[in-house]
Amino acid sequence: MTNKLRYFVANWKMFGHLNSLNSLNKVIKFKKKNKNAKNLKIIYCPPFTLIHPFIQKLKNTTIKTGAQNCSFGSNYGPPTGSINAMMIKSLKCEYVILGHSEKRAKGETDNIINRKIISALQNNLKVIFCIGETFGQRKKKLTKKTLLSQISKGLKKIKNKKNIIIAYEPVWSIGSGMIPKIEDLENTTRIIKLFLSNKMKYKNPKVLYGGSVNQKNVNLLKNITNLDGFLIGGASQNSNIFIDIIKKTFN
Ligand code: PGA
């Protein structure tokens, strides 16, 4: 069976410590043993402190590791508390989440995100590029305008987009338990994909949905035509729930 939903990205946010590594055992076993899981791309994005231990733990598996952000500077430099794409790549980490609304809310602009994406690509990281409208923008019917502007500005001057996956995460649905109406999500993801193919000249764009994905609503979300997977926050920290979500996309 082929699952069109191939990407399951676990965003652990500011959670996790060394003991959390034990919880990966179940997912490693599931990925190895379940024939439907073999071709999936399961990507863990733990906090920086756990990237190296995750890489070690996952090294003989097909599960990948990603960071949750990076600096836009490509060389070593003074910004205290920052980590750049080169340093992330040196750990053999393969992905990085950029443009997350929790960083945008702290002042990350489209321009900064664009510079980060360029730096990540130059360092051979694959990018999970987050876009999403706020509740206010949605109420004012600015969803489409907001998303297309975030995409155009975030991807400015980037020609080769094959290593950039888009994650559509409505800001109001993150951590809130609320998801968009399925027909709205059908419509929005169709608009995003068309824009990526027609205007941004993407060859085979990949679009994920993120925002309160859980083991209950995945039964609805899995039917969205244009989705290639999910970016999962809270629900990915519990291996049983994470596996349950993935399994529910199999039928
Ligand atoms: P959530 O987070 O699944 O907890 O809503 C998603 C995200 O922030 O990527």
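The values are calculated or read from the model by the stated rules, or taken from the named source; none is laboratory data. Being a predicted model, the structure only gives us computed values, none of them experimental. Heads up, the Cβs are rebuilt from the backbone with ideal geometry, glycines too, and the neighbour counts pull from every protein chain shown. We work out accessible area using only protein heavy atoms, side chains counted, and drop any ligands, DNA or RNA first. Shrake-Rupley method; radii C 1.70, N 1.55, O 1.52, S 1.80 Å.
For this structure, a couple of remarks:
- Test: residue in region 191-209 that is within 16 Å of the ligand (Cβ to nearest atom), open to solvent by less than 10 Å² (accessible area, probe 1.4 Å) and under 30 Å from N19 (Cβ atoms): yes
- In region 102-125, the residue that is farthest from M86 (Cα to Cα) out of those that are of a type in the set (D, E) and within 16 Å of the ligand (Cβ to nearest atom) is E102.
- Subset of region 90-123 that is over 21 Å from K153 (Cα atoms) and outside any helix (DSSP H, G or I) - its residue that is least open to solvent (accessible area, probe 1.4 Å): C93
- Residues of region 133-168 classified as within 19 Å of N114 (Cα to Cα), open to solvent by 10 Å² or more (accessible area, probe 1.4 Å) and of a type outside the set (V, I, T), total: 13
- Some residue of region 137-145 being closer than 19 Å to I224 by Cα and away from the ligand (no atom under 16 Å from the Cβ): yes
- Residue satisfying all of: in region 37-89; over 22 Å from I117 (Cα atoms) and of a type in the set (D, E, K, R); most open to solvent (accessible area, probe 1.4 Å) among these: K59
- Condition met for F230 (away from the ligand (no atom under 16 Å from the Cβ) and of a type in the set (F, W, Y)): no
- Considering residues of region 156-188 that are among the polar types (S, T, N, Q) and more than 16 Å from the ligand (Cβ to nearest atom) only, the residue farthest from I232 (Cα to Cα): N160
- Search result, residues across region 204-233 that are in contact with a Ser or Thr (Cβ under 8 Å, 6 or more places away or on another chain) and either among the hydroxyl-bearing types (S, T, Y) or free of Cβ contacts under 8 Å to residues at least 60 places away in the same chain (or both): P205, V207, Y209, S212, V218, I224, T225, N226
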